Amino acid sequence: VFFVVIGSYFSIPIASAEAARRHTSHVVKAHKTQHQSTASWYGAKFHGKRTANGERFNMYAMTAAHKTLPLSSYIQVTNLKNNRRVIVRINDRGPYHGKRALDLSYAAAKELGIRGTGSVQITPLDSSQTLALLSQ
């Protein structure tokens, strides 16, 4: 009985980790290409509250919320109206209102020149792309 209890205790985290890895790789593959959508922003009302990845939301950080992209992944967001670009890290889930695909932090929206909502192009980045773009 002792072996069965211990064995089942240790197999649950392993199975969960494997399932998460399969799900994450599926999500990453589904979002390898860029797409156009609508973005909005969120700020003071949520500043200091917990995000989906457990950190506190900082409206002055370059972060964003997306419904399906993996947490802690990076994307390049381009404002289609003025061609400004930023790189943000996905640290939260949302948006949950309307047909928007992305909620940007106040700082990211300000850099892009978005007041309210804006049309954007979302380009998921892998780690080498992120490092190259951030070092420029």
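Among the strands (runs of 3 or more DSSP E) confined to region 32-136, the ones with at least 2 residues that are in contact (Cβ under 8 Å) with a residue 40 or more places away in the chain and open to solvent by 80 Å² or more (accessible area, probe 1.4 Å) are located at 35-42. Evaluate the following for ASN58: is it modelled with pLDDT of 95 or more and closer than 17 Å to LYS110 by Cβ? So ASN58 fits the description; yes.
The values are calculated or read from the model by the stated rules, or taken from the named source; none is laboratory data. From a predicted model like this one, the values you see are computed outputs, not experimental measurements. Counting neighbours? That spans all protein chains shown, and the Cβs are built from the backbone with ideal geometry, glycine included. Heavy atoms of the whole protein, side chains included, go into the accessibility calculation; ligands, DNA and RNA do not. Shrake-Rupley method; radii C 1.70, N 1.55, O 1.52, S 1.80 Å.
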